[in-house]
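What follows is one structure encoded as structure tokens, with my remarks underneath.
The values are calculated or read from the model by the stated rules, or taken from the named source; none is laboratory data. The shown structure was predicted, so the numbers you read here are calculated from the model rather than taken from an experiment. In this analysis, Cβ positions are derived from the backbone assuming ideal geometry, glycine residues included, and neighbour counts consider all displayed protein chains.
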Amino acid sequence: MEILKVREIIGYMDITAVPQTPAYVEGVINLRGQVIPVMDLRAKFGMEAAEVTGETCIIVVEIVHGTRKLSTGIIVDRVREVLDIRAEAIEEPPAFDAGVNTDFILGMGKVGDSVKILLDIDKVLVQEDMAVVPHR
Amino acid sequence: MKLGTRIVLGFGLVIVFLLVVGLTGYLSMNGTVRQMQAIANQVEIAKKVNNAVTLSQEGQAGSLRFIIYQDDSYMEASQQANNDAIKEMEEAKNLMKSEENRRSADGMMTGASAYIAANTEYANLAKDRVSAGQVRVEASAKVQDNIKKLIARREQFLQERSQDSDKGKMTEYDAVQKTLMAQQAMDAFNQARICAQKYQLAITPEQQDAMAKDWVDSIQATQRILGQCRSGMNDTTSKEYVGESLQTLADYLSQVEVFRKINRDERDVQLKKQKPAAESLMADAKSVRDGVYAFIDKTNKEADAQVAVASLMINIVGISAVITGILAAIVITRSITKPINRIIAGLTEGAEQVASASGQVSSASQSLAEGATEQAAGLEETSSSLEEMSSMTKQNADNAQQANTLAVEAKTAAGTGTDAMGRMSQAIQEIQKSSDETSKIIKVIDEIAFQTNLLALNAAVEAARAGEAGKGFAVVAEEVRNLAMRSAEAAKNTARMIEESVKNSKNGVDIANEVSKVLDEIVQSIGKTTDLVSEIAAASQEQAQGIDQVNTAVAQMDKVTQQNAASAEESASASEELSAQAESMQEIVGQLVAMVGGADAHKVRSTQSKPERHHVHLKLEHKLHLAEKPKAKPCGLGKSDEVLHKITGHSETPQHVVAAKAGSKAIPLDSHEDDLSKFNN
């Protein structure tokens, strides 16, 4: 995702669960006085839940929704690095089946031999019903 | 139930049946006899009634004869007969049972009495008639005399008048006429007398009345004639005589009236009393007779019915008594003979078994004797073996002692080893502890590296956000990240190395534990060995003792063997006695069989041949002594003696059993043979 949308990367900390929230919303955290909701990306994408390890981090992203700025935390398994990917190296996402939703893919970044999926974090955080539609 | 009771019961049943049948017969007989008596009674009544009827008829006949012949004896006879008839009927009535018949009898007797009364009346009237007739006849005679006198006078007068023939002619005609009249009067009177006879001879009342009329007419004619004669009569004497004649004639007439009255009364009595009385008497008598006959018939029928019932009863009772008697006889006889047969079978079986048992006993005694011989030989071997065993035991005890000592030493050494092991374990554990601590520190370093990494990433983000201005910062951030990564790497390596060292120390600890365990096991084994060795020592001790006991026992066994031989001979003779007893028992059973029934004799099997007489000649002439005593000291008597006593006891049992229960199966021969086989082994 675009780096500019990233506000901060913090280590895993205790999350206060909030009832009556969707399953992928883990809860809220207190980040230096600010209450930020945290969601589990795995749950959001309908993937299996993973254990919390020593490398699990929370990435605090800031998205613009309409006129508001929303700060949301997303739980990730690991933060590897910050990459510079040139615009030429970014490709459009390939077309899978018609029923597959590819809205949330910003593009495919070529880094060396491997391909990294670039998430469109706005779409990820705003599409409420993403976890409901089965992916895979 | 006892045998005697059953037999008595059987006979009792027979007597009961007899009594029942006899009673039934007696009752039936009684009934029949009563009926016959009733019939006889009725017959008696009938006879009497018949007699009465006959006598009544006789009476009737007599009175009829009397009416005809006017003989008093007939009337007497008739009255007698009637009276007898009444008597007979009275007697019959006394015997009668039927009310109807009694009433009929009474009626008859009343009728007879009436008849008798009528007869008496008639007889009296007859007497009166006779006497009246006599008087009348006298009167008639008087009249005749008077008229005759008159006639005679008239004749005389005529004679007198004829003498005077010159006086006159007129009076002679009158005189003659008067004389003729007198004659006519006589004639008329004779006519009357004829009428009298006719009257008396008349049979029917009509005839009688007609004759009576004639009679009276004749008399009246005579009176008229005499009257005419008297009127105008001159002769006073004649007149006198006519007057007398008229008087006597009147007298005669009155007598005739009297006679006629009596005759009429007689007729009345005969017609109105006698005849009806006679007829009703006959009718009554006959009705009584019929009634009696009817009663007899009825009684006869009743008697027949009763006889039929009685005979049926007797038949039924008799037949059922016979059937029941037969059944009872069969049941009782069965119940007697069945148990007896069973007993016989049992006794026979028992005798056979005793015979076979005695055979077994004698063979057992033989084998016992043989066993005793073998036993003696065995004993010799046993004693020599015991010697060897004793020396071996001694050696064992010494060796055990040595082993004991060695074991103790080993134990101590093992103990030292265990201590050293303990110390080693301790040292290794300390190594482990310090490794753990080092590991902790490494973890902290790792943590720091991670956080540094995060910071570097955040810095990179801010640098990216800063854009151009942040490029230098991005480089710094990058370097920081590199550093973080290096430190993380180092920490990882160190952690790895520490892990290895931990693993090694763990290994060492494990090995130390293993060794410790092994040493423990050694110690345990040593302990066990020590225990075992001490047990061996104790056992050897006991063994030595046991051997001594066995020695003593063998000596005793020798004694017992000799006793056994003697007992074998005794039991052989006992078995002979036993077979003899069995024979005698079989004979007795044969007697019992003969008593119960000859056919049953076949059931008893022929007495078995006498069992072979085993004279157990003991070959145990050599004395059974043990050569040397074993080294071990003899201890007190142990279990072996108990066994010996038991064996002795068993040998003596057969004799007692034979004496007490000849023929019973309680001879424990099987267990005896077992003991012998034990001995032989």
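If you check A:Ile58 against the conditions, is it part of a strand (DSSP E or B), hydrophobic (A, V, I, L, M, F, W, C), more than 12 Å from the chain's Cα centre (by Cα) and within 11 Å of chain B (Cβ to nearest Cβ)?
Considered against the rule, which asks whether it is part of a strand (DSSP E or B), hydrophobic (A, V, I, L, M, F, W, C), more than 12 Å from the chain's Cα centre (by Cα) and within 11 Å of chain B (Cβ to nearest Cβ), A:Ile58 comes out as no.
Could you say whether any residue in the range A:97-104 is within 14 Å of chain B (Cβ to nearest Cβ) and over 24 Å from B:Ala463 (Cβ atoms)?
No, there is no match, as no residue in the range A:97-104 is within 14 Å of chain B (Cβ to nearest Cβ) and over 24 Å from B:Ala463 (Cβ atoms).
Please determine, by comparing only the residues of the range B:239-258 that are of a type outside the set (Val, Ile, Thr) and in contact with a Leu (Cβ under 6 Å, 6 or more places away or on another chain), which one is surrounded by the fewest Cβ atoms within 10 Å (Cβ to Cβ).
Ranking the candidates gives B:Leu246 first.
Just to be sure I understand the filter: pairs with C-beta atoms under 7 Å, separated by 6 or more residues or on different chains, first member in the range B:509-520 and touching a residue at least 12 places away in the same chain (Cβ under 8 Å), second member of a type in the set (A, V, I, L, M). Which pairs pass?
The qualifying pairs are B:Val509/B:Ile428; B:Ala512/B:Met421; B:Ala512/B:Met424; B:Ala512/B:Ile428; B:Val515/B:Met421; B:Ser516/B:Met421; B:Leu519/B:Ala414; B:Leu519/B:Met421.
Taking B:Lys506 and the conditions (1) over 30 Å from A:Cys57 (Cα atoms); (2) within 14 Å of another protein chain (Cβ to nearest Cβ), which numbered condition does it fall short on, given that it satisfies the others?
All conditions pass for B:Lys506, except number (2).
Going by the conditions given, is B:Gln70 under 24 Å from B:Glu121 (Cβ atoms), at pLDDT below 85 and either among the charged types (D, E, K, R) or out of contact with any Phe, Trp or Tyr (no Cβ under 6 Å at 6 or more places or on another chain) (or both)?
yes
Considering the range B:526-540 alone, what residues qualify as being more than 20 Å from B:Thr416 (Cβ to Cβ) and surrounded by 15 or more Cβ atoms within 10 Å (Cβ to Cβ)?
Across the range B:526-540, the qualifying residues are B:Leu532, B:Val533, B:Ser534, B:Ile536, B:Ala537, B:Ala539, B:Ser540.
Tell me which residues, restricted to the range B:422-434, are under 11 Å from B:Ser505 (Cβ atoms) and without any contact (Cβ under 8 Å) to a residue 60 or more places away in the chain. Outline the logic, then answer.
Going through the range B:422-434, the residues under 11 Å from B:Ser505 (Cβ atoms) turn out to be B:425, B:427-434.
Answer for the range B:422-434, where residues must be under 11 Å from B:Ser505 (Cβ atoms) and without any contact (Cβ under 8 Å) to a residue 60 or more places away in the chain: B:Ala427, B:Glu430, B:Lys433, B:Ser434.
For the subset of the range A:78-96 comprising residues that are out of contact with any strand residue (DSSP E or B) (no Cβ under 8 Å at 6 or more places or on another chain) and under 27 Å from B:Asn453 (Cα atoms), which member is nearest to the other protein chains (Cβ to nearest Cβ)? Spell out the reasoning first.
So in the range A:78-96, the residues out of contact with any strand residue (DSSP E or B) (no Cβ under 8 Å at 6 or more places or on another chain) come out as A:80-82, A:84, A:86-88, A:95-96.
From what is left, the residues that are under 27 Å from B:Asn453 (Cα atoms) are A:80-82, A:84, A:86-87.
Numbers: A:Arg80: 9, A:Glu81: 8, A:Val82: 4, A:Asp84: 9, A:Arg86: 14, A:Ala87: 15 Å.
Among residues in the range A:78-96 that are out of contact with any strand residue (DSSP E or B) (no Cβ under 8 Å at 6 or more places or on another chain) and under 27 Å from B:Asn453 (Cα atoms), the one nearest to the other protein chains (Cβ to nearest Cβ) is A:Val82.
Yes/no matrix, rows are residues, columns are (1) in a helix (DSSP H, G or I); (2) aromatic (Phe, Trp, Tyr); (3) at pLDDT 85 or above; (4) surrounded by fewer than 18 Cβ atoms within 10 Å (Cβ to Cβ):
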position: B:Ser78; (1), (2), (3), (4): yes, no, yes, no
position: B:Glu90; (1), (2), (3), (4): yes, no, yes, yes
position: B:Met109; (1), (2), (3), (4): yes, no, yes, no
position: B:Ala126; (1), (2), (3), (4): yes, no, no, no
position: B:Ser131; (1), (2), (3), (4): yes, no, yes, yes
position: B:Val135; (1), (2), (3), (4): yes, no, yes, yes
position: B:Gln159; (1), (2), (3), (4): yes, no, no, yes
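Could you check how many residues of the range B:381-407 are more than 19 Å from B:Ala544 (Cα to Cα) and surrounded by 15 or more Cβ atoms within 10 Å (Cβ to Cβ)?
So the answer is 3.
Which count do you get for residues in the range B:92-107 that are within 20 Å of B:Gln79 (Cα to Cα) and either buried (at least 23 other Cβ atoms within 10 Å of the Cβ) or touching a Cys at 6+ places or on another chain (Cβ under 9 Å) (or both)?
Residues meeting the conditions: 2.
Here is a list: A:Val52, A:Val38. Which entry is part of a loop (DSSP other than H, G, I, E, B), away from chain B (no Cβ under 12 Å) and touching a residue at least 12 places away in the same chain (Cβ under 8 Å)?
It is A:Val52.
Tell me, which residue of the range A:7-35 that is in contact with a helix residue (DSSP H, G or I) (Cβ under 8 Å, 6 or more places away or on another chain) and of a type in the set (Val, Ile, Thr) is farthest from the other protein chains (Cβ to nearest Cβ)?
The selected residue is A:Ile10.
So B:Val476 clears everything in (1) away from chain A (no Cβ under 13 Å); (2) under 30 Å from B:Glu430 (Cβ atoms) except one condition, right? Which one?
(2)
Pick out the one residue from B:Asp419, B:Asp446 that is acidic (Asp, Glu), within 14 Å of chain A (Cβ to nearest Cβ) and either in contact with a Gly (Cβ under 6 Å, 6 or more places away or on another chain) or closer than 30 Å to B:Val509 by Cβ (or both).
Details: B:Asp419 fails: within 14 Å of chain A (Cβ to nearest Cβ).
Every option except B:Asp446 fails the conditions.
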